[in-house]
Amino acid sequence: RYWRDWSSDVCSSDLSTVTATITTALSWTASSNQSWLIVSPASGTGNQTLTFTAEANPTAVIRTATVTVSATGVDSRKITVSQAAGTVQQTLSLNTGWNIISVNVVPNNKDMKAIFQPLIDGGSLKKVMDEAGKTIENFGAFGGWKNNIGNLNSAKGYKVNVLSNSTLSLEGIPVQLPLDIALNTGWNIIAYPSANLQDAKALVQSLIDAGNLKKVMDEAGKTIENFGAFGGWKNNIGNFISGKGYKVNVSANCTLTIPAS
């Protein structure tokens, strides 16, 4: 007898393994088409348990490898091994008062109250607000802490008011880039879900070229805007920074793309 085609999953961490059993009387060989997945043993005769050992997945996406088992006189068989993307941690630094934040990881639990629960437990959170004015805040005797925002949207930034300097840590799968962010006419609060710095004006240049951009503003009030005869478009923000969100005012519905690099 010979085995059938099948698939399996392996964890994202380094040296994670999964096994499969060959049932046959023939001599056979087994090989992987990806260097990150090692098959052991690579050959044998008769019944055998194969072990697939994976290196850590450093990417933001699930990757797959195909293991081919071959023997003389019979059709080869395929095993597809998928590795779930690795998780990373992001730490956000919050200053007393209002901050505009964004995330570059997608946590397993996207509920916004659950994400900010450590700040609630620590007594430092005052309010979270999205671009539509919906909040997470404490209504006291009228229901305590309520989440009117819902789940995290990794394309959006959020205003966060804290009572003292604080940090918030999140763990999850990296946001997959490039990411298209839909902008509505007027003010939007956008995420910058990249781990890398990028010149802020270069990132929004497509909006300038299309005639859609009116202004970009960071949490400190610094802007990218058109000063006309006094210098044209000026970038007073500098770089877009991981963990920060930005207010963007556009004259028409449009799209901003956050590139992969």
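Pairs over the 27 Å Cα-Cα cut-off, from the set Lys113/Lys247; Lys127/Lys215; Lys78/Lys110: Lys78/Lys110.
Size check on the chain: the Cα extents along the three principal axes, sorted descending, read 80, 53, 27 Å. Within straight-line reach of Lys156, meaning a Cα separation under 20 Å, sit the following aspartates and glutamates at least 8 residues removed in sequence or on another chain: Asp111, Asp130, Glu131, Glu137, Glu171, Asp180, Asp199, Asp218, Glu219. Relative to the longest principal axis of the Cα atoms of the chain, the long axis of helix 112-121 lies at roughly 70 degrees. The region of the chain that goes longest without hitting one of the chymotrypsin sites (Phe, Trp or Tyr not before Pro) in a DSSP loop, each with at most 11 other Cβ atoms within 10 Å, is 1-138.
Using only alpha carbons, segment 77-141 has a radius of gyration to Kirkwood radius ratio (Rg to Rh) of 1.15. For a label point 7 Å from the Cα of Thr68 along Cα→C-beta, name the residues of segment 11-29 whose backbone N is under 13 Å from it. In segment 11-29, the label zone of Thr68 (backbone N under 13 Å from the point 7 Å along Cα→Cβ) covers 29. Ranked by the mean number of other Cβ atoms within 10 Å of their residues, highest first, the peptides 188-196, 89-97 fall in the order 188-196, 89-97. Solvent-accessible area per residue in segment 92-178 equals 48 Å², computed with a 1.4 angstrom probe and all protein chains kept. Model label points for Asn138 and Glu225, set 7 angstrom from Cα along the Cα-to-Cβ axis, are 3.6 nm apart. May I ask you to derive the FRET efficiency for Thr45 and Leu15 from their Cβ-Cβ distance with R0 = 30 Å, giving the value to the nearest 0.05? It comes to 0.65. By the helix-only formula, in which each DSSP H run with n ≥ 4 contributes -39500 (n - 2.57) and the sum is divided by residues, the chain has a 222 nm mean residue ellipticity of -2000 deg cm²/dmol. Diagonalising the gyration tensor over the Cα atoms of segment 32-78 and scaling each eigenvalue by 5 before taking the square root yields semi-axes of 25, 12, 7 Å, largest first. Share of carbon and sulfur in the accessible area of segment 46-196 stands at 47%, probe radius 1.4 Å. With the biggest extent put first, the Cα atoms of segment 7-160 measure 75, 27, 26 Å across the principal axes. Taking all C-alpha pairs of segment 117-215, those more than 17 Å from each other amount to 63 percent.
The values are calculated or read from the model by the stated rules, or taken from the named source; none is laboratory data. Model, not experiment: these values are computed from the prediction. Every residue, glycine as well, gets a Cβ built from its backbone with ideal geometry; the counts of neighbours run over all protein chains shown. Calculation scope for accessible area: heavy atoms of the full protein, side chains included, ligands and nucleic acids excluded. Shrake-Rupley method; radii C 1.70, N 1.55, O 1.52, S 1.80 Å.
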